[in-house]
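K.L.:
Please see the structure below; I have some questions.
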Amino acid sequence: MRAARYHHYGGPEVVHFEEVDKPAVPDDGVLVRVRASSINPADWHTMNGTPLLARPTWGMRAPKDPRLGIDFAGTVEGVGPSVKQLRVGDEVFGGGSGAYAEYVAVPESKSVVLKPANVSFEEAAAVPVAAVTALQGLRDHGHVTAGQKVLINGASGGVGTYAVQIAKSFGAQVTGVCSTQNVEMVRSIGADRVVDYKKDDFTTGSERYDLLLDIAGSRSWSDMRRVLKPDATYVIVGGQKGGPLLGPLTHTIGVRMATMRVSQRLVLFFIAKLNREDMLVLKELLESGKVKSVIDRRYKLDEISDALGYVLDGHARGKVVVTV
Ligand SMILES: NC(=O)c1ccc[n+]([C@@H]2O[C@H](COP(=O)([O-])OP(=O)(O)OC[C@H]3O[C@@H](n4cnc5c(N)ncnc54)[C@H](OP(=O)(O)O)[C@@H]3O)[C@@H](O)[C@H]2O)c1
């Protein structure tokens, strides 16, 4: 099969295609013919080998694992002997290692579930990492409840477009922060209020929030705290690129230093965990139409370097999808 591989850290140019063996069908898993995948900032972090802090895991001088890509949607082509629920021919979506390829193998118990019939492979492939992050950020770390005022800083990207819709599905009143070109889109996916950060400073307004999901990491704690209620929760999902050593963690460290004694509940770092239960929650949200994927651009698998380069610029409008 054809698969994207990288053997050196660097920019999108280090990714190329190789003819490799199809992954074996796992005893406890399935082999999926990939029809679509999508790009996440995590892909370019591993490609680039930054933050350097993560190199002991990824490989100090060169990547230990040459595969790239996590999100996929496709058709089950092989089923292991211990698999209980999935069958050959099922249309599925989920997360696995090496999804920028024609085939990916995943354990059934991990994060692969049936694709809802009302969404395309492309719309399904956009979901896993970004939407699971939004769900876990709001529900598990933010403890979102109906009626709360929720501010989403970075509402127009991959995580943000799902976060706006998932927060609405919990009954929250949602304010999204994005740039001018995305204001209408963020409103169209359900935000009650949208602040254009190019024109207005959301940290100087009179509104106070119960929960702030900080995806963009674009403002200091002293700015952010102005719009938080005393008992609010502040959850950091991501940050600006930062330096090579710490990358987006620079923002987390800056906030940590400034918040030794504050009344708000702070979640300064979490890594979303793909799992079957949350994929089933998202499947239901997609089936009910409460959540839809916003797709910015589509690239072919051969154009993966261009797709990674586009997301690297940091202004994707929803998700960037790769068709296989
Ligand atoms: N903790 C985790 O487990 C986890 C999981 C996934 C992602 N992340 C992190 O979350 C962040 C976002 O991921 P993503 O997939 O959503 O990325 P993305 O699709 O590339 O979206 C980035 C968004 O950031 C917005 N943005 C840039 N500067 C901004 C600013 N100053 N104010 C407000 N918004 C701004 C952009 O909107 P405009 O074009 O409108 O400026 C763009 O829509 C990344 O740092 C990523 O590493 C963390």
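K.L.:
Got a number for residues in the stretch 232-258 being surrounded by fewer than 16 Cβ atoms within 10 Å (Cβ to Cβ) and in a loop (DSSP other than H, G, I, E, B)?
P.N.:
4
K.L.:
So, in the stretch 175-215, of the ones that are modelled with pLDDT under 95 and among the hydroxyl-bearing types (Ser, Thr, Tyr), which residue ends up nearest to the ligand (Cβ to nearest atom)?
P.N.:
Ranking the candidates gives Thr204 first.
K.L.:
Within the stretch 1-58, count every residue that is without any contact (Cβ under 8 Å) to a residue 60 or more places away in the chain, in contact with a strand residue (DSSP E or B) (Cβ under 8 Å, 6 or more places away or on another chain) and either part of a helix (DSSP H, G or I) or surrounded by 22 or more Cβ atoms within 10 Å (Cβ to Cβ) (or both).
P.N.:
So the answer is 0.
K.L.:
Taking the stretch 220-231 only, how many residues are touching a strand residue (DSSP E or B) at 6+ places or on another chain (Cβ under 7 Å) and crowded, with 18+ Cβ neighbours inside 10 Å?
P.N.:
So the answer is 3.
K.L.:
Select from the stretch 165-174 the residues that are touching a strand residue (DSSP E or B) at 6+ places or on another chain (Cβ under 8 Å) and either within 16 Å of Asn153 (Cβ to Cβ) or within 12 Å of the ligand (Cβ to nearest atom) (or both) and list them in ascending order.
P.N.:
Hits for the stretch 165-174 are Ala167, Ala172, Gln173, Val174.
K.L.:
Could I ask something else about it? Could you tell me whether the stretch 181-196 includes any residue that is closer than 19 Å to Glu277 by Cα and touching a residue at least 12 places away in the same chain (Cβ under 8 Å)?
P.N.:
No; the residues of the stretch 181-196 include none that is closer than 19 Å to Glu277 by Cα and touching a residue at least 12 places away in the same chain (Cβ under 8 Å).
K.L.:
Looking at (1) within 16 Å of the ligand (Cβ to nearest atom); (2) in contact with a Pro (Cβ under 6 Å, 6 or more places away or on another chain); (3) of a type in the set (D, E, K, R), find the lone condition where Asp28 falls short.
P.N.:
Just one mismatch for Asp28, condition (1).
K.L.:
Looking at the stretch 227-243 only, could you name the residues that are modelled with pLDDT under 95 and of a type outside the set (S, T, N, Q)?
P.N.:
Result: Gly238, Gly239, Lys241, Gly242, Gly243.
K.L.:
Taking the stretch 253-285 on its own, how many of its residues are in contact (Cβ under 8 Å) with a residue 24 or more places away in the chain and farther than 30 Å from Val112 by Cα?
P.N.:
Number of matching residues: 9.
K.L.:
Could you pull out the residue among Gly74, Gly69 that is in a strand (DSSP E or B) and buried (at least 22 other Cβ atoms within 10 Å of the Cβ)?
P.N.:
Criteria check complete, one pass: Gly74.
K.L.:
Follow-up question, since we're still on this one. Which numbered condition trips up Thr133, out of (1) surrounded by fewer than 24 Cβ atoms within 10 Å (Cβ to Cβ); (2) polar (S, T, N, Q); (3) in a helix (DSSP H, G or I); (4) under 16 Å from the mean Cα position of the chain (by Cα)?
P.N.:
(1)
K.L.:
Continuing with this model, one more query. Any chance you could count how many residues in the stretch 91-126 are in a loop (DSSP other than H, G, I, E, B) and charged (D, E, K, R)?
P.N.:
Total meeting the criteria: 4.
K.L.:
Read through the list (1) more than 16 Å from the ligand (Cβ to nearest atom); (2) under 22 Å from Lys300 (Cα atoms); (3) buried (at least 22 other Cβ atoms within 10 Å of the Cβ), then give the number of the only condition that Ala105 fails.
P.N.:
Here Ala105 clears every test but (3).
K.L.:
Picking from Ser288, Ser305, which residue would you name as being more than 12 Å from the ligand (Cβ to nearest atom) and either free of Cβ contacts under 8 Å to residues at least 12 places away in the same chain or of a type in the set (Phe, Trp, Tyr) (or both)?
P.N.:
Step by step, each of Ser288, Ser305 is checked, and only Ser288 is more than 12 Å from the ligand (Cβ to nearest atom) and either free of Cβ contacts under 8 Å to residues at least 12 places away in the same chain or of a type in the set (Phe, Trp, Tyr) (or both).
K.L.:
Let me ask you something else. Taking the condition in a loop (DSSP other than H, G, I, E, B) and away from the ligand (no atom under 16 Å from the Cβ), does Ser82 pass?
P.N.:
Answer is yes for this residue.
The values are calculated or read from the model by the stated rules, or taken from the named source; none is laboratory data. Everything numeric in this text was worked out from a predicted model, so none of it was measured. In this analysis, Cβ positions are derived from the backbone assuming ideal geometry, glycine residues included, and neighbour counts consider all displayed protein chains.
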